[in-house]
Amino acid sequence: MNRAALLLLDLLYPNRCDCCGVRIRYDAAVCGQCAGQLADLRTPYAVWAQQQTEAVPWADGAAVWRYADAARSGILAMKDGMRGFGRYAGTALAAEVRAHLPAETVTCVTWTPMGRARRRRQGYAHAELLGKTVARELHLPARGDLLSETDTGTRQHSLTREERIEHAKRFLYTGADVRGETVLLCDDILTTGSTLRRCTELLLDAGAERVYIAVIAAALPH
Ligand SMILES: [Zn+2]
């Protein structure tokens with residue numbers, strides 16, 4: 001589309017910041033204020049890892065923000081159907097992976113899967129959008145054929161740590177060949193890690209050589 005058409009489109013359908021809703025330029029993803037807040041929220045994966053008492057099955061991880069303020073509202077908006085924030089966050093995540101993980105050893109990208117019922121409720125799978133954005137940025141194959149989610153209807157955030165571990169058993173390995181692959185597993189938020197732990201273990205049990213995780217936000221106690 002040419003610039004005049006984009007400007008006209010912007011007049012008819014004003015572009016808004018996915019984090020706070022203020023009007024922004026047609027080609028921007030978030031407003032200046034939210035971009036500043038996001039810069040302040042930058043938190044490496046190591047900060048989350050240092051607070052864990054149990055060993056994790058993945059080799060290492062990458063994270064972009066702490067789950068708070070503009071990062072939180074952006075992720076909620078993304079889950080509400082705003083794909084703009086998903087692409088913005090996915091691009092930031094790819095840069096983080098390139099900077100902090102041995103990205104050149106990764107052979108494919110996947111993401112925590114979303115079952116049919118949840119996808120219907122939400123309209124699209126945000127972790128898939130993140131994973132595909134990261135895969136495109138890193139020029140790696142995107143594999144959505146490795147894992148699946150059985151529909152349970154339970155919302156993860158209402159569960160205790162123990163319940164989350166049990167609930168994570170809804171994720172299953174599909175049987176697709178993953179032997180020898182070094183997989184980058186993407187998701188939106190890292191909280192207790194139960195979802196990513198389950199998905200990582202499934203991939204390793206299926207013969208993946210190594211798994212790295214990549215999340216756009218890590219939930220940390222204040
Ligand atoms: Zn904003």
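The values are calculated or read from the model by the stated rules, or taken from the named source; none is laboratory data. Just so you know, these numbers come straight off a predicted model, no measurement behind them. Counting neighbours? That spans all protein chains shown, and the Cβs are built from the backbone with ideal geometry, glycine included. Please note that ligands, DNA and RNA were not included when accessible areas were found on the heavy atoms of the full protein model with its side chains. Shrake-Rupley method; radii C 1.70, N 1.55, O 1.52, S 1.80 Å.
Listing for the model above:
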{"read-out": "Failed item in (1) within 16 Å of the ligand (Cβ to nearest atom); (2) open to solvent by less than 40 Å² (accessible area, probe 1.4 Å); (3) of a type outside the set (D, E, K, R); (4) out of contact with any Lys or Arg (no Cβ under 9 Å at 6 or more places or on another chain), with Tyr45 passing the rest", "value": "(1)"}
{"read-out": "Cross-chain or 6+ apart pairs with Cβ under 6 Å, the range 8-32 first and touching a residue at least 12 places away in the same chain (Cβ under 8 Å) and open to solvent by less than 90 Å² (accessible area, probe 1.4 Å), then away from the ligand (no atom under 15 Å from the Cβ) and of a type outside the set (Ser, Thr, Tyr)", "value": "Tyr26/Leu6; Tyr26/Asp10"}
{"read-out": "Residues being in a strand (DSSP E or B), open to solvent by 10 Å² or more (accessible area, probe 1.4 Å) and under 25 Å from Arg72 (Cβ atoms) - total across the range 169-187", "value": "1"}
{"read-out": "Conditions (1) touching a Ser or Thr at 6+ places or on another chain (Cβ under 7 Å); (2) open to solvent by 40 Å² or more (accessible area, probe 1.4 Å); (3) not small (Gly, Ala, Ser): number failed by Thr133", "value": "(2)"}
{"read-out": "Number of the exception - Trp65 against (1) in a helix (DSSP H, G or I); (2) within 18 Å of the chain's Cα centre (by Cα); (3) not polar (S, T, N, Q)", "value": "(1)"}
{"read-out": "Members of the range 170-192 found to be polar (S, T, N, Q) and over 29 Å from Ala71 (Cα atoms), listed by number", "value": "Thr174"}
{"read-out": "Breaking point among (1) open to solvent by 40 Å² or more (accessible area, probe 1.4 Å); (2) part of a loop (DSSP other than H, G, I, E, B), for Leu140", "value": "(1)"}
{"read-out": "Qualifying position, being surrounded by fewer than 16 Cβ atoms within 10 Å (Cβ to Cβ) and among the hydroxyl-bearing types (Ser, Thr, Tyr), among Tyr88, Tyr67, Tyr124", "value": "Tyr124"}
{"read-out": "Every residue from the range 48-77 that is touching a strand residue (DSSP E or B) at 6+ places or on another chain (Cβ under 7 Å) and within 16 Å of the ligand (Cβ to nearest atom)", "value": "Trp65, Ala71, Ile75"}
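To keep it simple, each residue is scored yes or no on (1) under 30 Å from Arg23 (Cα atoms); (2) modelled with pLDDT of 95 or more; (3) among the β-branched types (Val, Ile, Thr).
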residue	(1), (2), (3)
Gly36	yes, yes, no
Asp40	yes, yes, no
Ala62	no, yes, no
Asp69	yes, yes, no
Ile75	yes, yes, yes
Arg83	yes, no, no
Ala89	yes, yes, no
